[in-house]
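Asker: The structure under discussion is supplied below as structure tokens; questions concerning it will follow.
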Amino acid sequence: MAQADKRGSGSLRQNAYETILQAIIFGDLAPGSSIDDKQVADDFGLGLAVVRDALMRLALENMVERHARIGTRVPDLGLREVQEVFEARVILEGACAALAAERASAVEVEALRASFAGYEEVIERREFRRLVAMDQAFHRTLADACHNGHMGRSLVLLHNNASRFWYFGLLRLDAVTLRADIKAHLVVADAIAAHDAVAAEQAMRGVLGHFPADMRNFLIAPPIFDRLTATREAPAEPKARPAAEKPPAESPVTAKGPARSRKAAAKGPASTSQTGVEKPAPAGKARRKPARA
């Protein structure tokens, strides 16, 4: 009974971890937002204890940040994070692919190939969450297939971080680019099936070669969520006045204008010649100066 309770507790903790992890990847817990553990427990129907346990684990994996007197928050998405994740993956995941080519079982090879089963339909329907789930299945299978616990665990953590950026980038990629990306993954699976370590490593570097371009698309394009857009949009510029539109006539003010304007107003409506508006001088003639009293 005690062992069953322990397994059940572990399953609850893992479920809470995966639930919150996916919420971060898909932006349900938005980048830069604060995390209230009680609110998360209520929103996802989880126990408070397992939520706190999951947040501690995610903090160790750099998926959330914990600050004294501030609390827990989701990290922002930025260029530095993209670069660091990419550099680490190029080194580690290429080596994992090479080891998998030497050590993967037939079952693991088949699992790699099956990860993207039906991807054409998923892309056509633009079901990006399913596409991310397929990608996660592929890379987690690769992490197991290299049969190196340290490398495998590190690879999963890196891929979790990369998935945050990749998901946002997916929303702006066209179907041709997405198909090319998936086919590049399948080339890795073929190289592993052929037990060609060199080809597997090169193919994986080819997969990762798409990542910077996809993320450049994400970083340059406008933000996805309204809550992010609202904080980053520049204020609208005032519309330029049409060229044909003239500004309204203003009360004439000359060097002695203010006193003169007040006198004209006191006398009531003036005739055209007594409005106080100086008529333009004929071309070629200088304007006369008013005679002094």
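Asker: Within region 58-90, can you find the residues that are free of Cβ contacts under 8 Å to residues at least 60 places away in the same chain, closer than 27 Å to GLY209 by Cα and charged (D, E, K, R)?
Answerer: The answer is ASP76, ARG80, GLU84, GLU87.
Asker: Is it the case that ASP28 is outside the structural domain of ARG129 (by TED's automatic domain parsing), more than 24 Å from ALA145 (Cα to Cα) and part of a helix (DSSP H, G or I)?
Answerer: Spelling it out, it is not the case that ASP28 is outside the structural domain of ARG129 (by TED's automatic domain parsing), more than 24 Å from ALA145 (Cα to Cα) and part of a helix (DSSP H, G or I).
Asker: With the condition kept exactly as written, say whether any residue in region 61-70 is aliphatic (A, V, I, L, M), within 18 Å of HIS159 (Cα to Cα) and not assigned by TED's automatic domain parsing to the domain that holds SER163.
Answerer: Taking region 61-70 as the starting set, the residues that turn out to be aliphatic (A, V, I, L, M) are 63-64, 68, 70.
Now drop any that are not within 18 Å of HIS159 (Cα to Cα), which leaves 63-64.
Of the ones still in play, those that are also not assigned by TED's automatic domain parsing to the domain that holds SER163 are 63-64.
The answer is yes, given that some residue of region 61-70 is aliphatic (A, V, I, L, M), within 18 Å of HIS159 (Cα to Cα) and not assigned by TED's automatic domain parsing to the domain that holds SER163.
Asker: Next question. Are any residues in region 48-104 in contact with a Pro (Cβ under 8 Å, 6 or more places away or on another chain) and closer than 19 Å to PHE138 by Cβ, and if so, which ones?
Answerer: PHE86
Asker: Kindly provide the set of residues from region 117-147 that are closer than 18 Å to VAL176 by Cβ and either among the β-branched types (Val, Ile, Thr) or touching an Asp or Glu at 6+ places or on another chain (Cβ under 8 Å) (or both), ordered by number.
Answerer: VAL122, ILE123
The values are calculated or read from the model by the stated rules, or taken from the named source; none is laboratory data. The structure presented is a predicted model; accordingly, all values stated were derived computationally and were not measured. Reconstructed Cβ throughout: ideal geometry from the backbone, glycine too, with neighbour counts over all protein chains shown.
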